[in-house]
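Working notes, structure below.
The values are calculated or read from the model by the stated rules, or taken from the named source; none is laboratory data. Quick caveat: nothing in here was measured; it's all calculated off a predicted structure. Here the Cβ positions follow ideal geometry from the backbone for every residue, glycine too, while neighbour counts run over all protein chains shown. Quick note on the areas: whole protein, heavy atoms, side chains included, nothing else; ligands and nucleic acids left out. Shrake-Rupley method; radii C 1.70, N 1.55, O 1.52, S 1.80 Å.
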Amino acid sequence: MHSLPARTPILPILLTAVLAGCVLLIPTSGESLSVVVTRTAAEAGASLPGATFVSDAALAVLAAATAGAMALAWMKRPASRGAVVASAAGVMAAYAGSELLKLVFAQARPCTRWMSVGECQVTDYSFPSNHATLAFAAVWVIAVASVSVSSALSAIAIAAVVSAGRLLEGVHYLHDVAAGALVGIVVPACSLGAWSLLRGARARIAHRRFAVR
């Protein structure tokens, strides 16, 4: 991704992807880590006032931050517009991919196994979490648009709150939000990579045409 705006904080996003991958891969003895954490979080959410609003509120904050970062980048750093658009396109692609994976895996929500404070949409599948996908995909947009480590870390923290909120509601397993985070990180990364390759190819073609003249 050599064509990304200078100082784009990629490392925190990659480390987050590694952590999400570890959550998916590391089991515990007896019940899985995902089930234990999910049930514990759902029980905690049942006694936490406003638990059903945590995820949506955090996602709304993240959406506003994303829009603000894009607007500032568009006005103050015109050279970054292509990367910003590519990352935003990655968000939409990630959401579409998340919906497709839901249909493939057709996993029932944890709220069908035990009580939860969130609305249990039994006709909507659980794996992966769309909320987590959108939240972590937005991190890429903010990172590319702001070229700020602190902004990227703040976005990751808010995305983590979005994911935690879904656990507190009892409507997603831990592995659902971990998978959603991975989809949200990987798909925009691929979108940015494709844009970078396309930009490089166009530059080489333009250079050859100029050299021929």
In deg cm²/dmol and to the nearest 500, what is the mean residue ellipticity at 222 nm of the chain if only DSSP H runs of at least 4 residues count, each as -39500 (n - 2.57), divided by the residue total?
-26000 deg cm²/dmol
What do you get for Rg/Rh over region 144-200 if you use C-alpha atoms and the Kirkwood form of Rh?
1.10
Just from the alpha-carbon atoms, what are the Rg and Dmax of the chain in angstroms?
19.1, 73
Share of Cα-Cα pairs in region 73-193 beyond 26 Å, whole percent, is 24
Protein accessible area in the chain, 1.4 Å probe - carbon and sulfur %:
70
Cysteines having no other Cys beta carbon under 4.7 Å from their own, within the chain
CYS22, CYS190
Per residue, how much accessible area does the chain have with a 1.4 Å probe, in Å²?
51
